[in-house]
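This report refers to the structure that appears directly beneath it.
The values are calculated or read from the model by the stated rules, or taken from the named source; none is laboratory data. Just so it is clear, the structure is predicted and the values come from calculations on it, not from any experiment. Neighbour counts run over all protein chains shown; Cβ positions are idealised from the backbone, glycine included. Only protein heavy atoms, including side chains, enter the accessible area calculation; ligands, DNA and RNA are left aside. Shrake-Rupley method; radii C 1.70, N 1.55, O 1.52, S 1.80 Å.
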Amino acid sequence: MSEFATGDGVNTKDATLLSVRQLRTWFELRRWGLLKVGDVRAVDGLDFEMRRGEAVAFVGESGCGKSSLARTLLGLYRPTAGSIWIEGEDMAGFDRHQLHLYRRKIGYVQQDPYAALPPFMQVRRILREPLIVHGNRDREDQERKIRAALREVRLEPPETYLTKFPHMLSGGQQQRVVIARALILKPALIIADEPVSMLDASVRVEILNLLRQIQQQRNLTLAFITHDLSTVRYFANRIMVMYAGQIVERAPVDTLLDQPRHPYTQALLEALPDPDPDNAQKIRRLPKGEPPSLVSPPSGCRFHPRCPHAIKGLCEIKPPPEFPIAPEHGAACWLNQPS
Amino acid sequence: MVESNNKPLLQVEDLRLHYRSAEGVVRAVDGVDLTIERNQALVLLGESGCGKSSLAKALLRLLPRNVESLAGRAWLDGEEVIGLGEEQFRRRVRWRRIAIVMQAAMNSLNPVVRVGAQVAEPLRVHYGWSRAKALDRAGETFQLVGIPTDFLIRYPFELSGGMRQRAVLAMALAASPELVILDEPTSALDGLTQANIMNVLKRIKQELHTSFLLITHDIATSSEIADQVALMYAGQIVEFSSARDFFRQPAHPYAQALLASVPRLRRKIRPEYIPGQPPSLIAPPAGCRFADRCPHRFERCSECPPMFDRAPGRKIRCWLEAAPSNLDRETP
Ligand SMILES: Nc1ncnc2c1ncn2[C@@H]1O[C@H](COP(=O)(O)OP(=O)(O)OP(=O)(O)O)[C@@H](O)[C@H]1O
Ligand SMILES: Nc1ncnc2c1ncn2[C@@H]1O[C@H](COP(=O)(O)OP(=O)(O)OP(=O)(O)O)[C@@H](O)[C@H]1O
Ligand SMILES: [Mg+2]
Ligand SMILES: [Mg+2]
């Protein structure tokens, strides 16, 4: 419904790695652990495709459903509705064995590197785990793969790091180990959930450069999840902006950053400072209010209560479909309805 | 503006805070000088682990048990306060004149006490105010930081992250201190919430003329309030400049590299990272602590550079400032 032609016609089918249709992941909200009082609609009707070799950034405020999407794609949460197609196969039909194989195709860099690594395991052991889980019993082959993975994330020479425990490594080095672990099974897709939000500015750039390089060299598909729009320009091809469990705008990176069309995207960009001493002289204009409840989201357009351009009698009643603006650029906002 | 005959609000000289650890003495704060003027915001920038929080804790003497040594001097409005006894310091300085919002404070609110009562509590303890009077004041500070007063009776878990951050800010502001230290007040929050909090701080600064020491590693956000910037590296200040100079013409090679690593939304410049890692604070190099990673390193850098005065109020810890060939750098 809201995906656009990629321009290369017949080949699109082969180029598509992942295809997500009307995806919903809701969590039941129970009182006293018993009585169901509603659903948290963390992912609420997503449609998108990811092509082989592209990096797509998913951007949105805290709580908008980014991690829930990641965990649904990983098969850790069962979708409430909709479907996920990977390499032309519907994940819903997978049995346990197929799901196991499917997980192997996806590398996961989870939010918070400090929680991601078991503190009592040496780096060698951390990297060996996924190999063992996926049936590799050949010690020599394991060791070769572990060293290759460390080299790939520039932890060199590997011998220096093999016997280190996580606490002996800097935040950036820990994140490299997390990435090495995500890469070791040669996945087709990497899902990186806020891979750098806990790190310093310089280390962020270092890690994002590394991820992007590996992704391009290996022609991997990368889903880069972040709440920080300023980090995406050089590290993704396309951006999807999420608000309250839905995609509100999608576009190639430069288009989205330079010509945003959804008022929410515009507000997000407006709020983010560049380092500039003049910032201290002005109060920023920000959308009023807070992100909405995902249990009882606003009617119509979910952004309408905070939107400076809301059209009375329309936006609070009818949810906007995604309107095409240009090839690959769409915004779910009535202001973009072709006249 | 501050009149020239006025003393600075806070002046810190040669502050040192060292910790004991199994590996050796950690020189977390290693000879820091700072000045904070009235109604000004000083931003303390630096990478994780460079000693920012330790500096704040030293100023307020909120110290862990394993302190090896605390030394240096600090004048608050002309009165030396590091030499004050703990009792005097607690009664006259901490919270009343210098208040702090600790790193991650929003996550350490008491989960079973209503936020209004948590803001009122110190007023009752320190000032002996009645419950009603303290709650009234809590309501006032809530308004100041932009929380609706009916939130006074809510519990922390009923507040969003941004609202909880405002609540801890309200606690720090309750006694109308002259200086508020904020340790990473926005780093756990997303962009819009961050911008909201920065707006609140700007308003408070305008309306109450409060001074701020804002500690952060978020360079872009720091420019939202900075009048002055102190850049810290491995326990020392390496650049002290006005915000204008720092963000427009950073002088220290580390400052230049750090600013080049910040992604820009409004300009297409590819961010560059700084190769290498900061040195250990247990055995820091004898010379310049940034030398290892510095593109301009030369022989002199094996000695520790002093703070050079580049201009009034602008200090740089770098030998390049001493070399005559570099004097022309002053007028770009
Ligand atoms: N397992 C769960 N059970 C119930 N609710 C959940 C669960 N996981 C997430 N949620 C809720 O779903 C919503 C979306 O959460 P999610 O973690 O996906 O957001 P996010 O965009 O990743 O946020 P952040 O930027 O803070 O990481 C939130 O309201 C959250 O409380
Ligand atoms: N109680 C302590 N005992 C021993 N070492 C400590 C202690 N507290 C901090 N350190 C060390 O002192 C150094 C400075 O720590 P500090 O917390 O001041 O850094 P920071 O700049 O605030 O970092 P961050 O940005 O991560 O908050 C670090 O190397 C840290 O490991
Ligand atoms: Mg998340
Ligand atoms: Mg700190």
Fill in the blank from the handout: Filtering the stretch B:180-202 down to residues that are more than 7 Å from chain A (Cβ to nearest Cβ) and either farther than 19 Å from A:Thr226 by Cα or away from ligand 1 (no atom under 16 Å from the Cβ) (or both) yields B:Val180, B:Ile181, B:Leu182, B:Asp183, B:Glu184, B:Pro185, B:Ile197, B:Met198, B:Val200, B:Leu201
Exercise for the section: Output the number of the condition that A:Arg261 fails; it satisfies all remaining conditions of (1) assigned to a loop (DSSP other than H, G, I, E, B); (2) touching a residue at least 40 places away in the same chain (Cβ under 8 Å); (3) of a type in the set (D, E, K, R); (4) within 12 Å of chain B (Cβ to nearest Cβ). Expected result: (4)
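Restricting to strands (runs of 3 or more DSSP E) lying wholly in the stretch B:1-59: which have 1 or more residues that are over 21 Å from B:Ile98 (Cβ atoms)?
B:10-21, B:24-36
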Practice task
Filter the stretch B:295-316 down to the residues that are touching a helix residue (DSSP H, G or I) at 6+ places or on another chain (Cβ under 6 Å) and part of a loop (DSSP other than H, G, I, E, B), then identify the one that is surrounded by the fewest Cβ atoms within 10 Å (Cβ to Cβ).
Solution key: B:His296
Problem - Among residues of the stretch B:112-146, those that are part of a loop (DSSP other than H, G, I, E, B), hydrophobic (A, V, I, L, M, F, W, C) and within 26 Å of B:Gln206 (Cα to Cα), counted - result: 1
Completion exercise
If you go through B:Ser211, B:Ser222, B:Ser242, the only one that is more than 10 Å from chain A (Cβ to nearest Cβ), in contact (Cβ under 8 Å) with a residue 40 or more places away in the chain and closer than 21 Å to B:Leu10 by Cβ is B:Ser211
Exercise for the section: Considering only the stretch B:251-263, state which residues are open to solvent by less than 30 Å² (accessible area, probe 1.4 Å) and more than 8 Å from chain A (Cβ to nearest Cβ). Expected result: B:Ala251, B:His252, B:Pro253, B:Tyr254, B:Ala255
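Can you give me the number of residues within the stretch A:174-196 that are within 15 Å of ligand 2 (Cβ to nearest atom) and out of contact with any Lys or Arg (no Cβ under 8 Å at 6 or more places or on another chain)? Show your work before the answer.
Let us first name the residues in the stretch A:174-196 that are within 15 Å of ligand 2 (Cβ to nearest atom), namely A:174-175, A:196.
This time we only want the ones that are out of contact with any Lys or Arg (no Cβ under 8 Å at 6 or more places or on another chain), so: A:174-175.
Qualifying residue count, the stretch A:174-196: 2.
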Practice task
Among the residues of the stretch B:163-176, count how many are open to solvent by less than 10 Å² (accessible area, probe 1.4 Å) and either among the small types (Gly, Ala, Ser) or in a loop (DSSP other than H, G, I, E, B) (or both).
Solution key: 4
Handout entry: Matching entry among A:Leu46, A:Leu74, A:Leu34, A:Leu69 (being more than 15 Å from the chain's Cα centre (by Cα) and either under 24 Å from A:Ile207 (Cα atoms) or of a type in the set (A, V, I, L, M) (or both))
Key = A:Leu34
Practice task
Please specify each residue of the stretch A:206-227 satisfying the condition of being surrounded by fewer than 21 Cβ atoms within 10 Å (Cβ to Cβ) and either within 16 Å of ligand 4 (Cβ to nearest atom) or charged (D, E, K, R) (or both).
Solution key: A:Arg212, A:Arg218
